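Contents: one structure, followed by commentary.
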Amino acid sequence: MGAHSHGSGNGHEHGHGPGHSHAPASFGRAFAIGTALNLGFVAVEATYGVVAGSMALLADAGHNLSDVLGLVIAWAAAALSQRKPSPRYTYGLRSSSILAAMLNALLLLVAITVVAVEAIRRVGGPEPVSGTTVMIVAGIGIVINTATALMFARGRKGDLNIRGAYLHMAADAGVSAGVVVAGFVITRTGWTWVDPVVSLIIVAVIAIGTWGLLRDSVNMTLQATPSGMDHAKVDAFLRSRNGVATVHDLHIWPLSTTETALTAHLLIPSGYPGDRFTVELAAELKERFGIDHATIQIETDPDEQCGLEPDHVV
């Protein structure tokens, strides 16, 4: 017998699991505006980076370009996750949001590596930089990137894919702020080495945030129990239900960056408790733990060995 529950949960015990999405269903407008703004700014920033001779500006332009691609990837995944299930993709394409989050993390790592290599080269041989131009262009970048990041801020805690888009934009705002500081120092002191040094500091800050995104997305790809979800508590909750003798073959995994699934076998020797039991159990799993899609199998004969009962069998 199976119990099913769909949608986003508002659990009370675990507020940070993927099943606890407080993000709006669609960020299509935010993706469209963010992509257009950043694509235009990349062209402006790269042009003035060459004119001003600023590694920091060129680095920021390159990072912005990776962010445009990151936004497009996240946007595509958000759209794909709305696709209906099919005989081939029986859960639809929800998991595309997980792949997008991981790809965005990898893009960020590639971008900051390129910036770091060039910045290190510049530290050994600083080149002339127009500090004023750097400050003006980077200042515009702060406004654009901050505005774009704010459009994704509401969904960053409940959706790893949206979090990836948010981190891209927030990181760019930070890069731009650092570039403004570098430009200011250069105009006051003439120290051109400040430009690549500031770039390296920014790279380190971005790397820290990117590591968390990569770790979480890889865990989701490997179908690990979602972050913030306590497997032992879910198991104990199922065992505490009236009539349940044992629980086995319990699996909890992310269907997407916002949805969580569960399957479990419950042994109830007193006999099948009826459909209301499984319906109410699914509703409680959603309410308590944010588990959106629960499938429960009821077994009633304690002498009948289930082939999936041993913990090492999946």
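The values are calculated or read from the model by the stated rules, or taken from the named source; none is laboratory data. Please read all numbers here as calculations on a predicted model, not as lab measurements. With ideal geometry, Cβ positions are generated from the backbone for all residues, glycine too; neighbour counts draw on all protein chains shown.
Points worth noting:
- Reported count of residues in region 242-263, each being part of a strand (DSSP E or B) and within 16 Å of Pro226 (Cα to Cα), is 9.
- From Val197, Val247, residue being closer than 30 Å to Val179 by Cα and either more than 28 Å from the chain's Cα centre (by Cα) or among the small types (Gly, Ala, Ser) (or both): Val197
- Every condition in (1) surrounded by fewer than 24 Cβ atoms within 10 Å (Cβ to Cβ); (2) closer than 30 Å to Leu99 by Cβ; (3) free of Cβ contacts under 8 Å to residues at least 60 places away in the same chain is met by Ile144 except one, and the failing one is (3).
- Arg215 vs. criteria assigned to a helix (DSSP H, G or I) and of a type in the set (D, E, K, R): yes
- When restricted to residues that are modelled with pLDDT under 60 and charged (D, E, K, R), region 1-57 contains 1.
- Remark: pairs (first residue in region 210-237, at positive phi; second residue of a type in the set (Gly, Ala, Ser); Cβ separation under 8 Å; 6+ apart in sequence or on different chains) = Gly228/Gly15; Gly228/Gly17.
- Test: residue in region 234-255 that is under 19 Å from Leu103 (Cβ atoms) and not assigned by TED's automatic domain parsing to the domain that holds Leu103: yes
- With respect to (1) farther than 30 Å from Gly155 by Cα; (2) surrounded by 15 or more Cβ atoms within 10 Å (Cβ to Cβ), the lone exception for Thr260 is condition (1).
- Pick from region 101-117, criterion modelled with pLDDT under 85, surrounded by 17 or more Cβ atoms within 10 Å (Cβ to Cβ) and farther than 14 Å from Ala171 by Cα, ranking: nearest to the chain's Cα centre (by Cα): Ala101
- If you go through region 210-247 and keep only what is in contact with a helix residue (DSSP H, G or I) (Cβ under 7 Å, 6 or more places away or on another chain), more than 21 Å from Tyr272 (Cα to Cα) and not aliphatic (A, V, I, L, M), you end up with Thr210, Asp216, Ser217, Thr221, Thr225, Ser227.
- Subset of region 156-197 [in a helix (DSSP H, G or I) and farther than 23 Å from Ala111 by Cα]: Phe184, Val185, Ile186, Thr187, Arg188, Thr189
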